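Visitor: Just dropping this structure here.
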Amino acid sequence: MTVLANDHTLAISHAEDERNYLSAIPGEALPHIIPPAKKSSQILVKFKESAQDFSVLSLSQMAGSVTTSTNSYTGVHTMSLQSGVDIDGALNVFQASPLVEWAEPAQTLG
């Protein structure tokens, strides 16, 4: 989600951070909140440091996804879903895994 406040843009990528920020916005700024667009075909996944590459690959295959990019600074993987894969089902696979710190749908605006 992106929030506009005082002509500045703040990108929020984690749901918990989003709730904390929104609770701090003055009332007059709330109309400037841009809602997320349609359902994404990508999931952001933060694997635990102990996760081995072969385990990540195996879990990705179970979820019907492939890694399209990995942020070298944060270690967050952008997972693209294969055609016909339900995002909610894939998200459940990642969230249920002990290899994963957190997983959430990638949200795009536009």
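Read the figures in this text as sums done on the coordinates, not as results from a lab. These numbers come from a predicted model, not from an experiment. Neighbour counts are summed over all protein chains in view; Cβ atoms, including those assigned to glycine, are modelled from backbone coordinates with ideal geometry.
Visitor: Hey, can you grab everything whose amide H is under 5 Å from the amide H of VAL100? Only 5+ residues off in sequence or another chain; H modelled, so Pro and N-termini drop out.
Guide: Those lying under 5 Å, H to H, from VAL100 are LYS48.
Visitor: If you place +1 on the Cβ of every Lys and Arg, -1 on the Cβ of every Asp and Glu, and leave all else neutral, what size is the dipole of the range 42-105 about its Cα centre, to the nearest 20 Debye? Don't skip to the answer; put the middle values down first.
Guide: Values: 2 positive and 6 negative charges, 18 e Å.
The calculated dipole for the range 42-105 is roughly 80 debye.
Visitor: Which length gain, in nm to one decimal place, applies between SER58 and GLU104 when the Cα-Cα distance is subtracted from 0.36 nm times their residue separation?
Guide: Net length gain for the segment: 14.7 nm.
Visitor: Let me ask something else about it. Using θ = phi - 60° and the Karplus form 6.51 cos²θ - 1.76 cosθ + 1.60, what ³J(HN,Hα) does each residue of the range 84-97 get, whole Hz, x for Gly and Pro?
Guide: Per-residue couplings from phi come out as x, 7, 6, 5, 5, x, 5, 4, 4, 4, 5, 5, 7, 7 Hz.
Visitor: If you don't mind, another one. What number, in percent, do you get for the relative contact order of the range 42-105 if the mean sequence gap of Cα pairs under 8 Å and at least 6 apart is divided by its residue count?
Guide: Details: 105 pairs, mean separation 29.9, N = 64.
Result for the range 42-105 is 47 percent.
Visitor: If you don't mind, another one. Return, ordered by residue number, the residues of the range 91-110 whose backbone nitrogen is under 20 Å from a label point located 7 Å along Cα→Cβ of THR67.
Guide: It comes to 91-107, nothing else.
Visitor: 5 Å is the cut-off here: which amide hydrogens, built 1.01 Å from N in the peptide plane, fall below it relative to GLN107, excluding neighbours closer than 5 in sequence?
Guide: Answer set, sorted by chain and number: none.
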